[in-house]
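Q: Just dropping this structure here.
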Amino acid sequence: MNDMLIRSMQGDYRVHFDESIYEWLNRNLHLQSDVFYLVDAQVLELYGEKLELIASNPVYAIEASERSKTLEGVTGFIDWLLENRATKSSTIVAIGGGVVQDIATFTSHIYYRGIAWQFVPTTLLSQSDSCIGAKCGINVLPHKNQIGVLHSPKAVYVVAEFLRSQSDAALRSGFGEILKLSLTGQYQFFSEFQDHLTGCGISPTNVLPMIQASLRSKQAIIEVDENESDLRRVLNYGHSFGHALEAATDNEVSHGIGVLFGVDLINYLGTKWGITPYDLYSDVNALIRTYFGSENLPKRLSATQLIDEVRRDKKNSNGMMNFVVLRGVGDLVIQQVQLDESLTEAVQEYLNAHAVFLTA
Ligand SMILES: NC(=O)c1ccc[n+]([C@@H]2O[C@H](COP(=O)([O-])OP(=O)(O)OC[C@H]3O[C@@H](n4cnc5c(N)ncnc54)[C@H](O)[C@@H]3O)[C@@H](O)[C@H]2O)c1
């Protein structure tokens, strides 16, 4: 599969695609000197033998938890880099999901005022979405992703083999984000994604073309707008209510499932606002029900709880929220909406009679 070139204000970089860890290692990565590995401890346990070659370089294993993704977690890694004499010309190679990515991005941005890093994403979510775009978020617990920097990697290596050990829940979460990107991208990708689900379902089988299509969809947005502003806001499609659901369930719902809930709910509201065509809402709703419908919400939720969470969103201002609404595939508009009683009623109506995920 062809590489992708991502244009970035901080220097362009390539995304490479390989089926196996062996193929990736054959790209001579392990021969690089002055490389310091930051590896998800679980990935190291699962793939330790196959990753044996990297062990000739210093390896820092970290638990991929939200507690690690804090200033304390970053400090532990920096102490280790200093002890192991990493210099301004060293490279960090991060192997893991979004947690490892965020720690690597933040650390490489501040270590000696910035060093190079490369990323080998190992979760479907990080392979199909977060691995490009340069962003990171570090937690100031209990608040998630409160601080961050932009620091793009020098290269990204997507290796499909890592997905074999992903749980069903992690795959569903990743495919949820891919579904969102198929709606923000070109129509062709949306129909290919429908065909892909029909043929392969929620599994890692033949997934690389879908990952690449997702990244192309995101690339089209971030290359124009690398910083979080206008065009990039489109990527928040499904995220306002998705984040609200994640928060209201104490993160018992995975990110991708939160996004799908948010996509379905905003599509429903979009039909009421005369923006989203009913047939499109219905097609997307059917896709979510068919492939993700077995998902249950951990508890019953009220519209008031969800709207309260949306009010806490950093993007809310003066009781107004800019929702990203689907007008057609690849055509999204920003709708400014008052977080008032009539919105609460519409959301409650959705929860009562139309919600795509139900409580257990
Ligand atoms: N920087 C960004 O642009 C961005 C975007 C979205 C999300 N994020 C952040 O990413 C994090 C979520 O990342 P994620 O969902 O990729 O996963 P993760 O890094 O949170 O890891 C989730 C779990 O999967 C395990 N794991 C990783 N790879 C595995 C594999 N191949 N097989 C089996 N288990 C594996 C980890 O050990 C961990 O237990 C959140 O902290 C979120 O805030 C960042």
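Q: If we keep just the residues of segment 101-127 that are within 7 Å of the ligand (Cβ to nearest atom) and over 20 Å from ARG14 (Cβ atoms), which is surrounded by the fewest Cβ atoms within 10 Å (Cβ to Cβ)?
A: LEU125
Q: Quick one: in segment 129-175, of everything that is assigned to a strand (DSSP E or B) and among the charged types (D, E, K, R), which residue is farthest from PHE193 (Cα to Cα)? Explain how you work it out, then say what you get.
A: Initial filter on segment 129-175 (assigned to a strand (DSSP E or B)): 135, 138-140, 143-147, 150, 155-159.
Subsequent filtering for residues that are among the charged types (D, E, K, R) retains 135, 144.
Values: LYS135: 26, LYS144: 31 Å.
So the residue we want is LYS144.
Q: Tell me which residues, restricted to segment 154-168, are in contact with a helix residue (DSSP H, G or I) (Cβ under 8 Å, 6 or more places away or on another chain) and more than 8 Å from the ligand (Cβ to nearest atom).
A: Hits for segment 154-168 are TYR157, VAL158, VAL159, ALA160, GLU161.
Q: Tell me yes or no: at least one residue of segment 345-356 is assigned to a loop (DSSP other than H, G, I, E, B), out of contact with any Gly (no Cβ under 6 Å at 6 or more places or on another chain), open to solvent by 10 Å² or more (accessible area, probe 1.4 Å) and at positive phi.
A: no
Q: Let me ask something else. Identify, by number, the condition in (1) assigned to a loop (DSSP other than H, G, I, E, B); (2) at pLDDT below 95 that VAL333 doesn't meet.
A: In the conditions (1) assigned to a loop (DSSP other than H, G, I, E, B); (2) at pLDDT below 95, VAL333 misses (1) alone.
Q: If the Cβ limit is 6 Å and pairs must be 6+ apart or interchain, which residue in segment 186-199 that is surrounded by 13 or more Cβ atoms within 10 Å (Cβ to Cβ) pairs with which residue that is among the β-branched types (Val, Ile, Thr)?
A: Listed by first residue and then by second, the contacts come to TYR187/VAL329; PHE190/VAL329.
Q: Another question, if that's okay. With segment 1-109 as the region, which strands (runs of 3 or more DSSP E) entirely inside it contain at least 3 residues that are of a type in the set (A, V, I, L, M)?
A: Here the list reads 4-6, 35-40, 59-62, 91-96.
Q: Hey, any hits in segment 260-268 for a residue that's over 17 Å from ALA346 (Cα atoms) and within 16 Å of the ligand (Cβ to nearest atom)?
A: Step one: filter segment 260-268 for residues over 17 Å from ALA346 (Cα atoms), giving 260.
Still in the running and within 16 Å of the ligand (Cβ to nearest atom): 260.
Within segment 260-268, one or more residues are over 17 Å from ALA346 (Cα atoms) and within 16 Å of the ligand (Cβ to nearest atom).
Q: Give the residue, chosen from LEU287, LEU326, that is at pLDDT 90 or above, buried (at least 19 other Cβ atoms within 10 Å of the Cβ) and part of a strand (DSSP E or B).
A: Numbers: LEU287 fails: part of a strand (DSSP E or B).
Criteria check complete, one pass: LEU326.
Q: Here's something else I'd like to know. Can you find even one residue in segment 268-279 that is open to solvent by 60 Å² or more (accessible area, probe 1.4 Å), among the acidic types (Asp, Glu) and either touching a helix residue (DSSP H, G or I) at 6+ places or on another chain (Cβ under 8 Å) or assigned to a helix (DSSP H, G or I) (or both)?
A: yes
Q: Here's another thing I want to ask about it. Being polar (S, T, N, Q), surrounded by 12 or more Cβ atoms within 10 Å (Cβ to Cβ) and under 20 Å from LEU208 (Cβ atoms) narrows it down to one residue among SER8, SER20; which is it?
A: SER20
Q: When the residues of segment 128-141 are filtered to those that are within 23 Å of MET210 (Cα to Cα) and among the small types (Gly, Ala, Ser), which remaining residue is nearest to the ligand (Cβ to nearest atom)?
A: Checking each candidate, the answer is SER130.
Q: Answer with yes or no whether SER89 is within 13 Å of the ligand (Cβ to nearest atom), open to solvent by 10 Å² or more (accessible area, probe 1.4 Å) and either modelled with pLDDT of 95 or more or within 23 Å of MET4 (Cβ to Cβ) (or both).
A: So SER89 does not fit the description; no.
Q: Next up: Every residue in segment 16-38 that is β-branched (Val, Ile, Thr) and either under 15 Å from GLU161 (Cβ atoms) or free of Cβ contacts under 8 Å to residues at least 12 places away in the same chain (or both), please.
A: Passing the criteria: only ILE21.
Q: What is the residue count in segment 290-306 for residues that are assigned to a helix (DSSP H, G or I), closer than 13 Å to PHE241 by Cβ and under 23 Å from the mean Cα position of the chain (by Cα)?
A: Adding up the residues that qualify gives 1.
Q: List the residue pairs whose Cβ atoms are under 7 Å apart, where the first residue sits in segment 42-59 and is on the phi < 0 side of the Ramachandran plot, the second is in a loop (DSSP other than H, G, I, E, B) and open to solvent by less than 90 Å² (accessible area, probe 1.4 Å), and the two are 6 or more positions apart or on different chains.
A: GLN42/ALA64; VAL43/THR122; LEU44/LEU51; PRO58/ASN84
Q: Can you name the condition, by its number, that LEU38 falls short on among (1) farther than 22 Å from ILE103 by Cα; (2) surrounded by 18 or more Cβ atoms within 10 Å (Cβ to Cβ)?
A: Failing condition for LEU38: (1).
The values are calculated or read from the model by the stated rules, or taken from the named source; none is laboratory data. A quick note: this is a predicted structure, and the numbers were derived from the prediction, not measured. Every residue, glycine among them, receives a Cβ derived from its backbone with ideal geometry; neighbour counts consider all protein chains shown. For accessibility, only protein heavy atoms count, side chains too; no ligands or nucleic acids. Shrake-Rupley method; radii C 1.70, N 1.55, O 1.52, S 1.80 Å.
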